[in-house]
1. Using the Cα gyration tensor of the stretch 119-255, with a ≥ b ≥ c the square roots of its eigenvalues, what is the shape: rounded (a/c below 1.5), prolate (a/b larger than b/c) or oblate (neither)?
2. What is the packing order of peptides 269-277, 31-39, taking the mean over residues of other C-beta atoms within 10 Å and listing the highest first?
3. Kindly state, as a whole number, the per residue volume in cubic angstrom of the convex hull around the alpha carbon atoms of the stretch 198-306.
4. May I have the pair-distance distribution P(r) for the chain, computed from all Cα-Cα distances with 20 Å bins from 0 and rounded to whole percent?
5. Using only the alpha carbon atoms of the stretch 114-199, find the Kirkwood hydrodynamic radius as the inverse mean reciprocal pair distance, in angstroms to one decimal.
6. What nm distance separates the two modelled labels at Ser185 and Glu33, each placed 7 Å from Cα along Cα→Cβ?
7. Which is farthest toward the positive dipole end of the chain among Phe144, Leu128, Phe241, measuring Cα position about the Cα centre, with Cβ charges +1 (Lys, Arg) and -1 (Asp, Glu)?
8. Under the Karplus relation 6.51 cos²θ - 1.76 cosθ + 1.60, θ = phi - 60°, what is the ordered set of whole-Hz ³J(HN,Hα) values for the stretch 52-61, x standing for Gly and Pro?
Amino acid sequence: MKICYFTILILFFSCSQSVEKNCFTNRRDQVFEVYKEQKPYTVKQILNKKVDYLEITSLKKYRSFRQDSVESFTHAGSEVYEKMEKRLESQFKVFREKFSDQFAFYSSQQVGNVLYGLGRNRLGFWLLTIENEKPKAYFLGLSFSHYYINEIQELPIIKDGFLQFEGSLVKIVKVGGLPGYDDYSAMEDGKLFKMSLKDVTKDSDHDGYNDIFEKSFGLNQMDKDTDGDGINDFEDMNPLFKSEKNKFTQLYELLQPNNGMINMKKLHYTFQIYETDCDYFHQINPEARVLFVSEDKNKQTPYLRITDVTDRNISKIQTNDKDPNIFYIYVSGSGFTNDYAAEYIKGKWMLKDLGGTVS
Ligand SMILES: [Ca+2]
Ligand SMILES: [Ca+2]
Ligand SMILES: [Ca+2]
C-alpha cells in the first residue's frame, strides 16, 4: 500500500510540474517556442518518405509549375483571369453551396451520380464528393511543403477507381524580410500523383473523417471518440482532448478568434490549429474547431512534422513576480503579436489590450 501511495505521489508531482512548465513562464522571451527553420527535402527524400498509398509517375506532356502557378495567380484583373474566374465560378457553384468557404476549389468531374472535386485549405488537399446532395471531404495527406497540384488539368481527375492529379514536386523558400511569407520553387515538374479511391475514402471507425485525416492529425482512426468525452470526433469541437472548465481554460477560450454569427459547428473541415503542450490550452471548449500539435517534433505525426498548418498561436502564460493575480499572454500570427494583460477578479478575467508589435 505504501508503494502505491508513493507512485501516485510521484505521478501527481510530475504531472503538475509539466503543467507548470508547459503553461507558465516568468520570462517574456520564453512565452513562445523558438522557431527553428528546417532544411527543405530533396526530391530523393520526398520520394523515400512518401506515403505508401501514393504512386508518382512522370508525364511526357505537362504544364510546368511556373506556367500553372503564374497563369492561375498573378494575372488578376487581366482578361484571361476574368474568363477563368467566370468559368471557375460556374464550375464550382455547387461545391461552394455545399462546403461554404471551407476550401479553395480546383478541378471537378462528374462520374455516375457522384460529383468529385479537389479542394485545398490550411490543412492540405482534400477530395470532395457530392452524392445525393450530401457533401463529404476526404483528406489526401499530401503536404503542400512537397506537392504542388496544378490548378488546370487536362486529364480527368478520376479514372478507373483512381484519383490522378498533375503537378510538381516543390520546396518552400522562405522570403527574407517578410516574416510568415513563403514562396515555392519547383524541383521536378511533370508528375502524376495517383491514389486509389478505396484508400482515400477509407473510414475504418465510420465517424465521418477518413483514416488519412485522422492519422495525419493524431486522431484515432479506430475509435469514433478519440478523447472519450462521449462526443464523436466528427461532432467534437475539440476532438483530441477532453474539455475542462477552470480559470486558465477560460483565459485561453477568451483569446479564441471571434467568428461572429457563423455557426462553426457545421464546418467540419475548418480547424484552428495551435502548437502547444499546455494542458489548460488543450482543455478548452471552443466555438470553432481546434486541433493541437505538440511542440516536441518527436511527438508530432509525420504529416505535421513537414507541414506548417498553424497560422495563429497563443503563448504560454507569463506570470508577474510582483502581483500573482496579473498575467501576460500573447497572440501571434504571421508578422504580428498582440499583447494582453489579464487580471482575474471575482471569478472573471479582465483582459487589457496592451497593443502589439508588427514585424
Ligand atoms: Ca474515421
Ligand atoms: Ca476517429
Ligand atoms: Ca470526443
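Nothing in this text is a laboratory measurement; each read-out follows from the coordinates by a stated rule. Please read all numbers here as calculations on a predicted model, not as lab measurements. Glycine also receives a Cβ, built like all others from the backbone with ideal geometry; neighbour counts cover every protein chain displayed.
1. oblate
2. Put in order of decreasing packing, that is 269-277, 31-39.
3. 109 Å³
4. Once binned at 20 Å, the Cα pair distances of the chain give 25, 55, 19, 1, 0.
5. In the stretch 114-199 this quantity evaluates to 14.3 Å.
6. So the label points at Ser185 and Glu33 sit 2.6 nm apart.
7. Phe144
8. 6, 7, 9, 10, 10, 10, 9, 9, 7, 10
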